[in-house]
Amino acid sequence: MSHRLYSDLAAWWPLFAPVGYYEEQAGYVAARLDEVCPAKPRRVLELGSGGGSMALHLRQHADLTLVEPEDAMLNVCRRLNPGANHVKGDMRSVRLNRIFDAVIIHDAINYMTRANDLIAALTTARAHLRAGGLAMIFPDDTEETFAPSTHTGGQDDPVAGHGLRYLSWSHPATGTTYTIDFALALRSANGSVELVHDRHTFGVFSRATWREAFRQAGFLEPDIRPDRWREDVFLARAEVWDAAA
Ligand SMILES: C[S@@+](CC[C@H](N)C(=O)[O-])C[C@H]1O[C@@H](n2cnc3c(N)ncnc32)[C@H](O)[C@@H]1O
């Protein structure tokens, strides 16, 4: 499903998700990296890297490979993270024939709307991890924690003279999905404002479904821990990967 936020409106992404917003979250990821791989250099793969706001904070901690399916988001990401390796791809199917110390799927795993998609994305993560490597998966919610909500955000760009504000409004789940309506107000430098509606569909799965998806993808039992922002972060180790399997 095409999302305007990630295609024709991608240039607004830095005002929708300012890099500062991801700094503490990246600190959490860096601390887990220190545990799993104390020695540098470390190789990290992010699947669904979007505009690269999170990656910006991670690049001092690791060599980054960033996978994203949308050209417009890749362009935003390249401008922010010129030193990283960018690859166009889908987290369910991309194969880079390289292995990493850690694989991160941050707020992009929400776009997996069926259990089979979730298993495919986790299988991709598993296929790119060295033995003992760590997958860090950050869904917005699980079935146990989800509740419809509204949020507002956005920023001005004082240099360009334009700004963005948004309201996000999530609705009750049906089966394994829920929808989020984004109302975006885009203010140009000349003072005109364009209003845009962008609807996204997110997957939401029970912890049992997550555990089973990790198992089917070839991971050991994941740790399910809270961080400051959500109740369920999934940290899963890879056993020895049998490339012939
Ligand atoms: C909220 S953004 C991620 C933001 C990112 N964490 C950052 O730091 O800027 C979600 C991204 O997931 C991407 N995405 C959606 N479906 C995907 C898929 N099947 N495979 C990989 N990425 C996907 C979208 O194109 C979008 O750029």
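Readers should treat all values here as calculations from the given coordinates under stated rules, not as data from a laboratory. Computed from a predicted model, the values in this text were never measured in an experiment. Cβ sites come from the backbone with ideal geometry, for glycine too, and all protein chains shown count toward neighbours.
Looking at the chain, send over the antiparallel percent of its DSSP beta bridges, to the nearest 5. Present the calculation step by step, with values, prior to reporting the outcome.
On the way: 36 of 53 bridges.
Bridges in the chain are about 70 percent antiparallel.
Only helical DSSP H runs with n ≥ 4 go in: add -39500 (n - 2.57) per run for the chain, normalise by residue count and round the 222 nm mean residue ellipticity to 500 deg cm²/dmol. Walk me through the numbers on the way to the answer.
Working: 6 runs with 57 residues, N = 245.
So the calculated ellipticity at 222 nm is -6500 deg cm²/dmol.
Under the definition of Cα pairs under 8 Å and six or more residues apart, what whole-number percent is the relative contact order of the chain?
Working: 523 pairs, mean separation 43.3, N = 245.
The normalised contact order for the chain reaches 18 percent.
Report the residue, chosen from Phe100, Phe202, Phe146, that carries the largest GNM mean-square fluctuation when the chain is represented by alpha-carbon nodes joined by springs under 10 Å.
Among Phe100, Phe202, Phe146, the largest mean-square fluctuation in the Gaussian network model of the chain belongs to Phe146.
By its C-alpha gyration tensor, with a ≥ b ≥ c as the square roots of the eigenvalues, how is segment 80-138 shaped: rounded for a/c under 1.5, else prolate for a/b larger than b/c, else oblate?
On the way: a/c = 1.59, a/b = 1.22, b/c = 1.31.
Because a/c hits 1.5 or more and a/b fails to exceed b/c, segment 80-138 counts as oblate.
Using the beta-carbon distance between Arg225 and Glu143 and R0 = 22 Å, what value does 1/(1 + (r/R0)^6) give for FRET efficiency, to the nearest 0.05? The partial results should precede the final answer.
Details: r = 17 Å, r/R0 = 0.79.
Computed FRET efficiency for Arg225 and Glu143 comes out at 0.80.
Could you work out the relative contact order of segment 150-203, using alpha carbon pairs under 8 angstrom and six or more residues apart, expressed as a whole percent? Intermediate results must be reported in sequence, preceding the final value.
On the way: 109 pairs, mean separation 15.8, N = 54.
Across segment 150-203, relative contact order equals 29 percent.
Please find, in a Gaussian network model of the chain (springs between Cα atoms separated by less than 10 Å), the residue of Gln60, Gln25, Gln216 whose mean-square fluctuation is greatest.
Gln60
Got a sec? Charge dipole of the chain, +1 on Cβ for Lys and Arg, -1 for Asp and Glu; which of Ala127, Pro148, Gln216 is way out at the positive end?
About the Cα centre, the residue reaching furthest to the positive side is Ala127.
Could you tell me the center-to-center distance, by alpha carbons, between segment 78-124 and segment 154-217 in angstrom?
19 Å
I'd like the orientation of helix 23-36 relative to the chain: the angle between its Cα long axis and the longest Cα principal axis, in ° from 0 to 90, rounded to 10.
So the helix axis and the longest Cα principal axis differ by about 10 degrees.
Does segment 150-203 come out rounded, prolate or oblate by the C-alpha gyration tensor, with a ≥ b ≥ c the root eigenvalues, rounded set by a/c under 1.5 and, if not, prolate when a/b is larger than b/c and oblate if not?
On the way: a/c = 3.93, a/b = 3.00, b/c = 1.31.
Note, shape of segment 150-203 comes out prolate.
Name the residue from Thr179, Leu56, Ser2 whose Cα lies farthest towards the positive end of the charge dipole of the chain, charges +1 on Cβ of Lys and Arg and -1 on Cβ of Asp and Glu.
Final value for the positive-end residue is Leu56.
Pairing the Cα long axis of helix 71-80 with the longest principal axis of the chain, what angle in degrees results, from 0 to 90 and rounded to the nearest 10?
90 degrees
Within segment 55-72, what residues put their amide N at less than 19 Å from the label point 7 Å along the Cα-to-Cβ vector of Asn97?
Inside the label zone: 65-67.
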